[in-house]
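**Student:** For reference, the structure I am asking about is given below.
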Amino acid sequence: MGKKFIGYILFFFVLLIGFYFFLFRGNDEWRTKLSTISYVKPFHFKTQDNQIFTDRDMLGKVCVVEYFFTNCKGICPKMNSNMKMIAETFKDEPDFLIISHTCDPDRDTVARMKVYSDSIKADTKKWIFLTGRKDSLYSQARSSYLLDDPKNNVEKIEDQFIHTQFFALVDKDGKVRGQVYDGLKADELEKLKVDIRKLLKEKAGTSNFVNSIFGNNP
């Protein structure tokens, strides 16, 4: 009887291991995941080439997101110098994209964003510059990317101005992952590169099956 009991226990564990192998095979769910901190809300902006760009255009891409303005003489030049190094590192990755929003759309028109992108020799197939309505841009910065405190949303939009050195990281499913990264700090830029590589290895939509079973959707 004791041997039979031990046999049943071993058989149960073999079945359990087989179940988990079937469940996680072909996806990345067994790996340590970067936490999901937010989601990209729907948006509708224009690129430096006067093309419409929406949240749907981010799907299937790992995106680094920032806010800057073209006539900034303070932190923005250093931020975009660092961003250019990120762009160079991942230039051969077809599923990688950088998205730079203006925080000064009154001056940063489509034409101005085009002049700026040309001036820094950005590859605009991989590095997109966006402009649009100020209230929509600021709403995205605060509610989607967590790059500014929502408490800064004072009554009049014309009284608001976002000036942040932080970058956000978005996965292929439109989830904001990991943390906000300081675009002026070398150690955080290195961490960003490591996390980009992690997300590039993930398949889009791989979490849906497992999450639907265990109810892990954030």
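The values are calculated or read from the model by the stated rules, or taken from the named source; none is laboratory data. None of these values were measured; they are calculated from a predicted model. Positions of Cβ are backbone-derived with ideal geometry, glycine not excepted, and every protein chain shown enters the neighbour counts.
**Student:** Kindly establish whether Tyr145 is modelled with pLDDT of 95 or more, of a type in the set (Ser, Thr, Tyr) and farther than 28 Å from Asn50 by Cβ. Explain how you work it out, then say what you get.
**Tutor:** Details: modelled with pLDDT of 95 or more: yes; of a type in the set (Ser, Thr, Tyr): yes; farther than 28 Å from Asn50 by Cβ: no.
When the stated conditions are applied, Tyr145 does not pass them.
**Student:** crowded, with 21+ Cβ neighbours inside 10 Å and of a type in the set (A, V, I, L, M) - does that describe any residue in the stretch 114-126?
**Tutor:** So far as the stretch 114-126 goes, no, none of its residues is crowded, with 21+ Cβ neighbours inside 10 Å and of a type in the set (A, V, I, L, M).
**Student:** Only residues that are surrounded by 15 or more Cβ atoms within 10 Å (Cβ to Cβ) and under 18 Å from Asn82 (Cβ atoms): list them for the stretch 128-169, please.
**Tutor:** Result: Ile128, Phe129, Tyr145, Leu147, Thr164, Gln165, Phe166, Phe167, Ala168, Leu169.
**Student:** Moving on to the next point. In the stretch 48-74, how many are buried (at least 20 other Cβ atoms within 10 Å of the Cβ), over 20 Å from Gln160 (Cα atoms) and among the polar types (S, T, N, Q)?
**Tutor:** So the count comes out to 1.
**Student:** Anything in the stretch 80-108 that is crowded, with 16+ Cβ neighbours inside 10 Å and over 20 Å from the mean Cα position of the chain (by Cα)? List them, or say none.
**Tutor:** Asp104, Pro105, Asp108, listed by residue number.
Residues checked against (1) of a type in the set (A, V, I, L, M); (2) under 25 Å from Val194 (Cα atoms):
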residue	(1), (2)
Lys84	no, yes
Arg112	no, no
Tyr116	no, no
Ser119	no, no
Asp123	no, yes
Ala141	yes, yes
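**Student:** Moving on. Is it the case, given these coordinates, that Leu97 is of a type in the set (A, V, I, L, M), modelled with pLDDT of 95 or more, more than 15 Å from Phe69 (Cβ to Cβ) and touching a helix residue (DSSP H, G or I) at 6+ places or on another chain (Cβ under 8 Å)?
**Tutor:** yes
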